[in-house]
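No lab work stands behind these numbers, since they all come straight from the coordinates. Fair warning: this is a prediction, and the values are worked out from it, not measured in the lab. Here the Cβ is made from the backbone with ideal geometry for all residues, glycine too, and neighbour counts use every protein chain on show.
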Amino acid sequence: MTKIKTIAMAAIAAMMTASCSETDYMTFDTARNGVYFTKDTLNFSFGVTPIEVTSYTCKVPFRIMGSISGQPREVRFSIDPALTTATQGVQYNIGEAVVMPDSINGFIPVEILRGGLEGTYATGYTKYRLHLVLEENDNFTPVLDSLSQQHLLSFDNAIEQPEWLNARGEKVWDVATLGVWHPYKFIKMVEYFHALADILPETYKKMVDAYGENLEHIPYGDPYVYRTIFKKYIYAPMYEFFSDPANHDMITGAYPDFPFDFPSPY
């Protein structure tokens, strides 16, 4: 019986050792200086970003295998022209990929140029694609599967309905409170939300933590914890703005199909 227990314990220990070795291998196997993307796709849209923001730098993340170094090390990559629709210098600029000293993580900096993104709400927005491929150099060799060696960054200037999801994972928009969905409503909603930074700074910080900087994630589309604040500082100003005849021509000039149906919150 003692012999059987000893064999069993040894087997368990061997399994644990193998498991740890496999996990550590991904980042600390000093025999392999490998590199791989940690995500195969990223999507970016300027969306409700203020119009004065003319560029944004997306950081395409990658990770290395092997030992860390006290020196910065360059990671080589290329752009696949067959799968890329964006033009460098027009829709984007791209920088060098470097693993910083004492780190296993790095990124490829891609600056998205808003002025080069075509499309309008009336005509539709062009979605651009930038396909990146890791390449071998003296520092690193692409590893893992082929998907881990390629990355697709897509971007546009569109305003999409936010990812407010119900219990079934479906997008929701509170029609009773906001009227039918329209991008301009969301633009004004985020605008008045940001104004809270000066009115209720501490509460604003908590709301950003809960819902995102641009209200990207409101659970079930209902900010019930801060509903009173939303009603007073967001819904009421939105109703007044959309109901003011002085704003009508400006709104329809930019959005001819805008539905003037924003409900009164009072």
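Just a few scattered comments:
- Within straight-line reach of residue 59, meaning a Cα separation under 25 Å, sit the following lysines at least 8 residues removed in sequence or on another chain: 39, 127, 205.
- Computed over segment 218-266, Cα set: Rg, Dmax in Å: 12.9, 36
- Note on the chain: semi-axes of the ellipsoid equivalent to its C-alpha gyration tensor, largest first and rounded to whole Å, are 46, 27, 16.
- Judged by the mean number of other Cβ atoms found within 10 Å, the most tightly packed of the peptides 99-107, 243-251 leads the ranking 99-107, 243-251.
- Counting DSSP beta bridges with both ends in the chain, the antiparallel % (nearest 5): 80
- Cα-based reach from residue 231 at 15 Å (exclusive), listing aspartates and glutamates while leaving out same-chain residues under 8 positions away: 174, 191, 222, 240
- Peptides 34-42, 139-147 ordered by average Cβ neighbours within 10 Å, highest first: 34-42, 139-147
- Calculated from backbone phi, Karplus (6.51, -1.76, 1.60) coupling profile of segment 143-153 in Hz, x at Gly/Pro: 10, 6, 7, 4, 5, 6, 9, 10, 9, 10, 9
- Placed amide H near residue 34: partners under 5 Å, 5+ positions off or other chain: 65, 66, 141
- For the chain, adding -39500 (n - 2.57) for each run of n ≥ 4 DSSP H residues and dividing by the number of residues yields -9000 deg cm²/dmol at 222 nm.
- Coordinate range along principal axes, alpha carbons of segment 74-126, Å, largest first: 49, 22, 16
- When the P(r) is computed for segment 199-244, the part past 15 Å accounts for 48% of the Cα-Cα pairs.
- Segment 188-265 - percent relative contact order, Cα under 8 Å, separation 6 or more: 29
- Relative contact order computed over segment 59-167 (Cα-Cα under 8 Å; 6+ residues apart), in percent: 30
- The spacing between segment 155-224 and segment 62-84, judged by their C-alpha centroids, is 36 Å.
- DSSP H segments from the chain that extend 27 Å or more along their own axis, Cα-based, with Kyte-Doolittle mean of 0.5 or above: 2-28
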